[in-house]
Amino acid sequence: MLSKKIETALNKQIRLEAESSQIYLSMASWSETKGYSGIAEFMYAHADEERMHMLKIVKYVNERGGHAIITDLVAPPKDFKTPEKMFETVLSHEIFVSKSINDLVDITFTEKDYATHNFLQWYVAEQIEEEATARTILDKINLIADTKSGFYMFDKDIKTMFPQDQV
Ligand code: FEO
C-alpha cells in the first residue's frame with residue numbers, strides 16, 4: 001500500500017509526464033507545418049514515449065492500492081521559433097523532469113518505500129538517456145545548422161534517433 005505522500009508525489013509525476021507528451025506533440029505539429037519532416041517524426045515518437053512513461057506510473061499507483069488521478073493539463077506553447085531553440089527547450093524540460101524524478105526518489109527514502117524506490121530506477125536511467133539525446137541533437141544542430149544542405153541532412157539523420165531506440 002502506498003503512503004499518501006508517495007501517492008500524491010506519483011500523481012504529480014503522472015501529470016508532468018502527460019504534460020511532457022503534450023509539449024512534444026505540439027513540437028511535432030509545429031515541425032510538420034514548417035516542413036521539418038524528420039524532426040516531426042522524432043517528436044511524434046517522443047510524445048508517444050512520454051505517454052508510455054505516464055501510463056507506467058498510472059498502472060503502478062493503482063496496482064499498489066492507490067488511485068492514479070487523470071487531470072487537466074497546462075497547454076504547451078504553439079510556436080517554437082527555430083529547431084535550435086526548440087531543442088534547447090527539450091533539454092531544459094528534460095533536466096526539469098530529471099529533478100522531479102530525483103525529488104521523488106528522495107521521498108521514497110523518507111517514507112521507507114523501497115518498492116517504489118525500485119520502480120523509479122527505470123526512470124532514473126531513462127532520464128540520463130533523454131538528457132543525453134537532447135544534448136547530442138543540440139551538438140549536431142550547432143555543427144551543421146548554419147548551412148541549408150547541412151540542415152537537410154540533419155532532418156534526415158534525426159529519423160535514426162527515435163527515442164524508443166534508446167530504451
Ligand atoms: Fe518522461 Fe522525457 O521524461
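No value in this document is a laboratory result; all are computed from the given coordinates. The shown structure was predicted, so the numbers you read here are calculated from the model rather than taken from an experiment. All Cβ positions, even for glycine, are placed from backbone atoms using ideal geometry, and neighbour counts span all protein chains on display.
May I have the pair-distance distribution P(r) for segment 4-161, computed from all Cα-Cα distances with 10 Å bins from 0 and rounded to whole percent? Percent of pairs per bin, in order: 11, 38, 29, 16, 6, 1. Listed by chain and number, the lysines placed with their C-alpha closer than 22 angstrom to that of Lys5 are Lys56, Lys59, Lys99, Lys112; residues fewer than eight positions away on the same chain are left out.
Straight-line cross-link partners of Lys85 among the lysines, defined as a Cα under 20 Å from its Cα and at least 8 positions apart when in the same chain: Lys34, Lys140, Lys148, Lys156, Lys159. Using only Cα atoms, find the angle between the long axis of helix 4-33 and the longest principal axis of the chain, and express it within 0 to 90 degrees, rounded to the nearest 10. The two axes meet at around 10 degrees. Translational diffusion coefficient of segment 28-114 (Stokes-Einstein, Kirkwood radius from Cα pairs, 37 °C, 0.692 mPa s): 213 µm²/s.
Roughly what angle does helix 37-63 make with the longest principal axis of the chain, taking Cα atoms, 0 to 90 degrees, to the nearest 10? For 37-63 against the chain, the angle is about 0 degrees.
Might you report the magnitude of the Cβ-based charge dipole of segment 4-161 about its Cα centre, with Lys and Arg at +1 and Asp and Glu at -1, to the nearest 20 debye?
On the way: 19 positive and 26 negative charges, 44 e Å.
The calculated dipole for segment 4-161 is roughly 220 debye.
Each of Val124, Ala45, Ile14 was placed along the dipole of the chain (beta-carbon charges, centred on the mean Cα), and the one lying farthest toward the positive end is Ile14.
Report, in degrees rounded to the nearest 10, the 0 to 90 angle that the Cα long axis of helix 83-110 makes with the longest principal axis of the chain. Its long axis makes an angle of about 10 degrees.
Ratio of Rg to Rh for segment 92-156, alpha carbon only, Kirkwood? Intermediate results must be reported in sequence, preceding the final value.
Numbers: Rg = 17.3 Å, Rh = 13.8 Å.
Reported Rg/Rh, Kirkwood definition of Rh: 1.25.
Mean separation of Cα pairs under 8 Å and 6 or more residues apart, divided by the residue count, gives the chain a relative contact order of 30 percent.
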